Amino acid sequence: MKRLAPWLAAALGAALVLWVFWPGYMSWDSAYQWWQARHDQFDSVHPPLMAMTWQLTDRLVQGPGGMLALQVALLWSALALFASALRLPAWGRALVVLFLGLWPPLLAMQPHIWKDLWTLAGFAWALALLARDLRSPHRGWRAGAMLALVFACAFRHNAITGALPLLAWIAWREVAFYAPAWPAKRRALPAAVITLALAVGVFVLAAIPAQDARVRHTERVWSVVTLWDAAAVSLAEGKLVYPPALVDPSLDLEELRANFAEYANTTIYVTGKLRHSFDGPYTPAQREAIDALAWSLPRDHTAAYLAHRWRLSVLLFGADRDALPDTLVMMPGLHGYGDNPPVAPHPHPQHGRALATLQGLIDSPFFAGWIYLLVCALVAAVGIARAARSAGAGLAAVIALSSLAYALPLALASGSAEFRYLAWPVLATLASALLLAAPPVGGPSGPKPFAEKLRA
């Protein structure tokens with residue numbers, strides 16, 4: 001029963017989510033990915049693997065329902081595997097699964113067909129496999145965790161930063177197991193080399209779906225963020241800072257201000273007067289101009305640029321929740337796109353109550369990202385201090401560091417303050433705290449040294 005309990009809890013939780021929220025929610029980008037799947041046309045701006053997966057689920061269940069079922073199954077099964085590794089009784093493991101899966105921010109995101117949920121599932125499986133590796137050390141668990149990180153990075157371009165601490169942990173475990181007599185200082189260099197090799201491998205493997213001949217590649221996908229940063233700087237300094245090659249000469253500050261939002265980059269493009277790379281290939285002059293603009297903003301307009309980025313960070317990490325529209329946290333509904341067939345909602349009678357409850361919590365501390373990051377910083381500090389005595393504490397620290405490494409770069413790279421970007425940091429915060437409180441029961445420390453094998 002102890003082994004079965006977390007899996008029964010996961011089945012119950014997954015069934016509950018599907019029952020209440022079927023067939024899921026589609027925002028604009030979800031609907032666009034479905035359109036790509038239906039027309040066998042992909043681009044590098046959105047993860048090709050997601051649209052390719054949607055093609056497969058569409059054969060069984062047309063629309064978002066098949067994707068919802070699959071992403072929910074991936075997440076809840078990972079939670080069950082993670083809970084099964086913890087040093088808890090059967091009822092405790094079941095409660096952990098339900099606690100994590102029904103935690104309000106994680107529950108609020110689950111009905112959405114978003115690439116962020118697939119990245120979350122990849123990280124959740126890596127977490128679970130590494131926890132299992134602590135309980136019964138085996139290279140297979142670590143190899144599986146690396147493949148899970150490939151999966152996570154294939155759905156989000158920036159996920160590699162969160163993967164790095166986990167890859168470093170895998171590398172350290174490999175060196176420690178196959179050279180157990182080496183002191184820690186001697187292990188550092190080979191572990192660093194292995195980490196670099198694993199990171200390159202994950203990055204390359206995650207990029208394979210984008211090499212499909214059907215994928216249209218967009219250069220300088222970050223152009224939409226740079227042009228938005230330039231808009232904020234222009235408004236702060238009272239003058240347009242755009243190179244002529246990137247802007248229609250009729251654009252003025254008043255029009256830019258009327259269409260500028262501090263929490264998202266998309267609104268400034270309704271003017272049609274800013275040249276971003278999504279509209280079509282840049283000319284050589286435009287490529288040179290966007291590169292020069294990207295460098296000039298932090299260098300020549302430091303104060304205005306950093307003020308804009310700080311404001312975005314405040315909104316993204318929930319320090320001013322009243323200023324962030326609720327639609328950047330939850331996007332319930334079924335958005336249409338192109339010739340996609342209409343999808344009829346089939347909400348459970350409890351759907352409205354569940355949705356209202358979750359939306360009512362959006363401005364509460366549950367959705368304040370800075371709290372999760374603060375807890376992660378504390379867990380990392382405690383875990384590092386205890387790592388020499390407890391491998392569970394070491395893994396807790398690594399999971400917390402992964403959360404920070406994933407979230408903090410968004411302060412400089414993100415183009416909006418959407419809460420879904422923090423899906424993995426939310427789960428990582430809860431999981432790392434659980435690892436500190438109930439670390440996996442360790443099995444053998446590793447493979448036997450060669451001399452021991454000979455004696456055996």
Sequence-distant residues sharing a close amide H with H112 (under 5 Å, placed H): Y25
Placed amide H near V241: partners under 5 Å, 5+ positions off or other chain: S234
Sequence-distant residues sharing a close amide H with L334 (under 5 Å, placed H): M26
Where S416, S77 fall by accessible area, highest first, once all protein chains stay in place (1.4 Å): S77, S416
Percentage of interatomic Cα-Cα distances in region 231-283 larger than 17 Å: 33 percent
Crossing angle, helix 48-58 versus the chain [Cα axis fit, 0-90 degrees, rounded to tens]: 80 degrees
Bins of 5 Å, starting at 0 and running to the largest distance - Cα pair percent for region 304-413: 2, 10, 13, 13, 14, 13, 13, 11, 6, 3, 1, 0
Within the chain, helix-based [θ] at 222 nm, where runs of 4 or more DSSP H residues each add -39,500 (n - 2.57), nearest 500: -20000 deg cm²/dmol
Percentage of interatomic Cα-Cα distances in region 126-256 larger than 21 Å: 59 percent
Cα centroid separation, region 25-62 to region 344-373 (Å): 25 Å
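For a quick protection proxy, order the peptides 293-304, 29-40, 113-124, 313-324 by their average other-Cβ count within 10 Å, most packed first.
Numbers: 293-304: 15.2, 29-40: 19.9, 113-124: 26.2, 313-324: 18.3.
Ranking the peptides 293-304, 29-40, 113-124, 313-324 by packing returns 113-124, 29-40, 313-324, 293-304.
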Nearest-ten-degree value, helix 139-155 long axis tilted from longest Cα axis of the chain: 10 degrees
Viscosity 0.890 mPa s, temperature 25 °C, Stokes-Einstein D of region 142-205 from Kirkwood C-alpha radius, µm²/s: 205 µm²/s
Carbon/sulfur fraction of accessible area - the chain, other protein chains in place, 1.4 Å, %: 67 percent
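In Å², and per residue, what accessible area does the chain have when probed at 1.4 Å with the other protein chains present? Show your work: numbers first, answer last.
Values: 19850 Å² over 456 residues.
Using a 1.4 Å probe on heavy atoms only, each residue of the chain averages 44 Å².
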Summed side-chain charge close to T119 - residues other than T119 whose Cβ falls under 11 Å, Lys, Arg +1, Asp, Glu -1: +2
Note, ³J(HN,Hα) from phi for region 224-239, Karplus 6.51, -1.76, 1.60, rounded to Hz, x at Gly and Pro: 5, 6, 4, 5, 5, 4, 5, 5, 4, 5, 4, 5, 5, 9, x, 7
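Taking all pairs of different Cα atoms in region 13-100, averaging 1/r and flipping that mean, what Kirkwood radius in angstroms comes out?
On the way: mean 1/r = 0.0689 Å⁻¹.
Computed over Cα pairs of region 13-100, the Kirkwood hydrodynamic radius comes out at 14.5 Å.
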Residue-by-residue Karplus 3J(HN,Hα) for region 381-387, coefficients 6.51, -1.76, 1.60, Hz, glycine and proline x: 5, 5, x, 5, 5, 9, 4
Residue-wise HN-Hα coupling along region 329-346, computed from phi with Karplus coefficients 6.51, -1.76, 1.60 (Hz; x: Gly, Pro): 10, 10, 10, x, x, 10, 5, x, 8, x, 9, 4, x, x, 10, 7, x, 10
Helix axis angle, 302-316 relative to the chain longest principal axis, alpha carbon, degrees: 60 degrees
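The values are calculated or read from the model by the stated rules, or taken from the named source; none is laboratory data. Predicted model, so just to flag it, every value in this text is computed and none were measured. Glycine also receives a Cβ, built like all others from the backbone with ideal geometry; neighbour counts cover every protein chain displayed. In case anyone asks, the SASA skips ligands and DNA or RNA and just uses the protein heavy atoms, side chains included. Shrake-Rupley method; radii C 1.70, N 1.55, O 1.52, S 1.80 Å.
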